[in-house]
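Read the structure below first, then the notes.
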Amino acid sequence: MSNFITEITPNRPVYTDNDPQGELTTLNLGPTHPATHGVFQNVLQMDGERIVSGVSTIGYIHRAFEKIAEHRPFYQITTLTDRLNYCSSPINNMGWHMTVEKLLDIKTPKRVDYMRVIVMELSRIADHLICNGILGVDTGAFSGFLYLMEEREHIYEIFEEVCGARLTTNIGRIGGFERDFNEITFQKIKKFIKNFPPILKEFEALFNRNRIFIERTSGVGAVSPEVAMSYSWSGPILRATGVDYDVRVNEPYASYQDFDFEIPVGTTGDVYDRFILRNEEMWQSLRIIEQALEKIEKEPKGVFHADVPEFYLPPKEQVYNNMEALIYHFKIVMGEVETPKTEVYHAVEGGNGELGFYLVNDGGRTPYRLHFRRPSFINYQMYAPMSSGMLLSDAIINMSSLNIIAGELDA
Amino acid sequence: MGKISNQHLIEKLTAKYGEQISAISEPYGLLTFEATRTVISDLLAFLKNDEELKFNFLTDITAIHYPEKENALGVIYHLHSFYNNVRIRIKVFIPVSDPTIPTATVLWDGANWMERETFDFFGIQFIGHPDLRRILNVDDMTVFPMRREYPLEDPNRVDKKDYFFGR
């Protein structure tokens, strides 16, 4: 076991020229490298297999979402949030909808909250599946990945049933959902929570006590809670260091307070802990989905959005045949609805950390300013400093286990 | 939600900083106030290290631009106390002609990239920052694109003018 990282060298570029014997090698890891999943560039100074120092270059897929958001009405910003963390875009969509609902003081019915919880927890599972599966691949164990990917496919089929899309979902609307879950959706969810546990168990059996995997991952990238908090880490990687911070519990949204679940925490914050923690979170997500399905049964059927005609687009057939619906449709699309002139910060627990939306509204059609607190961006800044001293292959699995998504990193 | 009421926070902060803190409000329960540039370093350190408050977690640093105001650029800090489960929002408004503010990297390592991003998009100079370079935009960019004077699209484009939409 290696020691905790308790001190980190300042995050400065070190293109060192004073290497008198010329023994250091400069290695460009990325921007497109098969071992880094996404567009990440790290310029590393290598002493043999060991990293001496590194500097991260980011911004390769920067798309100016915050600027675009200043020119789009609220309901069109959902599609931008899709493209942040595209492994769990429903969480981003829901987070954005809830931000606007908080701004407009919209109370959603309990059934909507439970539907949201189901969708969000499913996407959390999909997110963790990808992360842990890929971590296995990067340590050289391909089979776990192959077992899991089929289940991710089943989750995407559920999303497809709910909203018609798979990856960039644009799921839900301000106030609720665009349509109710149909019978097939419920069947698919029930089938998933029945079929998934044995597969996850098998996956855990492949890895958890696997000696090669443990020796490969334990002690790699261990971080103390103090350093993790100083770097503003959040999400599974912070909890792996032993800090029990989860937005779902600290600041419950979408009626998470109605559910009985646990927040797993790690002890050393190394790659192995993060892996185990994500597996455990998937079990907890399953628990939440089961409870949500039970709770939905008790709620009145057919309620899938809040009664806010000024913000919830009416169904298309009504727009053509109903005067009131036409008026509201026009008002929403043209942005002629009064909104409060204030500011709001809303955070949700995304797949890899606290995803926050800071929205400043001036009463106009579009936000005056919208800032995304993107966990990938904030979590990634420790990567280069913590890599120094690591073996290159350890740095690769460390990056996998941080679950950095390029779309969210660069916004 | 939190263990410390906003009222108590306000009393404690005004007792210490008095006139330096203004425009106190609580939109959606999140205590928000403006502070001056001279006290911001001290204020952040106080919030972080105070035995009772312990705002140990820097959630976010960002900025906002109000071109019509005298102090047009606002730097916005979101802090979070894990011990008390309370959030707080601090704004510091500074003029465009002199966009300087002390860095928070001495308190939180995580402030490094947040400040670089804020510099990149708004041109705010964080004094004492160890490595204040552009982060998401290209290095040879000369403007600060999130300022309001820079349009999103080609300004010569006419097909999206408001009068086509009755606005």
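Listed values, structure above:
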{"quantity": "Fully extended contour minus Cα-Cα distance, from A:Arg63 to A:Val249, at 0.36 nm per residue", "calculated": "63.7 nm"}
{"quantity": "Distance histogram in 5 Å bins (all Cα pairs of the range A:286-400, percent per bin)", "calculated": "2, 9, 10, 10, 11, 13, 14, 11, 7, 5, 4, 2, 1, 0"}
{"quantity": "Virtual spin-label span in nm between A:Glu262 and A:Lys316, 7 Å along Cα→Cβ", "calculated": "4.8"}
{"quantity": "Amide H partners (placed H, <5 Å) of B:Ala63, local residues excluded", "calculated": "B:Ile76"}
{"quantity": "Pair A:Asp180, B:Ile127: separation of 7 Å Cα→Cβ label points (nm)", "calculated": "6.3"}
{"quantity": "Lysines whose Cα lies under 27 Å from that of B:Lys91, excluding same-chain neighbours fewer than 8 positions away", "calculated": "A:Lys67, A:Lys102, A:Lys341, B:Lys3, B:Lys12, B:Lys16, B:Lys48, B:Lys54, B:Lys69"}
{"quantity": "Within chain B, longest stretch free of exposed GluC sites (Glu not before Pro) [DSSP loop, at most 11 other beta carbons within 10 Å]", "calculated": "B:71-148"}
{"quantity": "Cα-based helix-to-principal-axis angle, B:6-17 vs chain B, degrees rounded to 10", "calculated": "90"}
{"quantity": "Förster-model FRET efficiency, 51 Å R0, A:Lys191 and A:Gln76, C-beta, rounded to 0.05", "calculated": "0.90"}
{"quantity": "Rounded tilt (10° steps) of A:392-402 against the dominant C-alpha axis of chain A", "calculated": "20"}
{"quantity": "Angstrom value of the Kirkwood radius, inverse mean 1/r, which spans all Cα pairs in the range A:253-334", "calculated": "16.7"}
{"quantity": "Cα-based helix-to-principal-axis angle, A:142-163 vs chain A, degrees rounded to 10", "calculated": "20"}
{"quantity": "FRET efficiency estimate (nearest 0.05) - Cβ-Cβ, A:Arg50 to A:Lys341, R0 56 angstrom", "calculated": "0.50"}
{"quantity": "Full-stretch length increase - B:Glu52, B:Thr142 - with 0.36 nm per residue and alpha-carbon distance subtracted", "calculated": "28.0 nm"}
{"quantity": "Three-way shape label, the range A:208-290, alpha-carbon gyration tensor, a/c 1.5", "calculated": "oblate"}
{"quantity": "Three-way shape call for the range B:6-165 based on the alpha-carbon gyration tensor, with the a/c threshold at 1.5", "calculated": "prolate"}
{"quantity": "At R0 = 22 Å, FRET efficiency that the Cβ-Cβ distance of A:Leu293 and A:Thr168 yields, to 0.05", "calculated": "0.25"}
{"quantity": "Proximal charge balance of B:Met141 [Cβ under 11 Å; K/R count +1, D/E count -1]", "calculated": "-2"}
{"quantity": "Mean-position separation - Cα centroids, the range A:378-411 and the range A:312-360, in angstrom", "calculated": "36"}
{"quantity": "Nonlocal amide H pairs with A:Phe40, under 5 Å, H built at 1.01 Å", "calculated": "A:His33"}
{"quantity": "Rg over Rh [alpha-carbon atoms, Kirkwood Rh] for the protein assembly as shown", "calculated": "0.96"}
{"quantity": "Those lysines that a straight Cα-Cα span of less than 16 Å connects to A:Lys190, excepting residues fewer than 8 apart in one chain", "calculated": "A:Lys295"}
{"quantity": "Nitroxide proxy distance, nm - points 7 Å out along Cα→Cβ at A:Lys301 and B:Tyr83", "calculated": "5.4"}
{"quantity": "Alpha carbon centroid spacing (whole Å) that separates the range A:75-131 from the range A:154-208", "calculated": "14"}
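Rule-based calculations on the coordinates, nothing more; no lab input. Just so it is clear, the model here is predicted, and its values are computed rather than measured. When we count neighbours, we look across all protein chains shown, and the Cβ atoms used for this are built from the backbone with ideal geometry, even at glycine.
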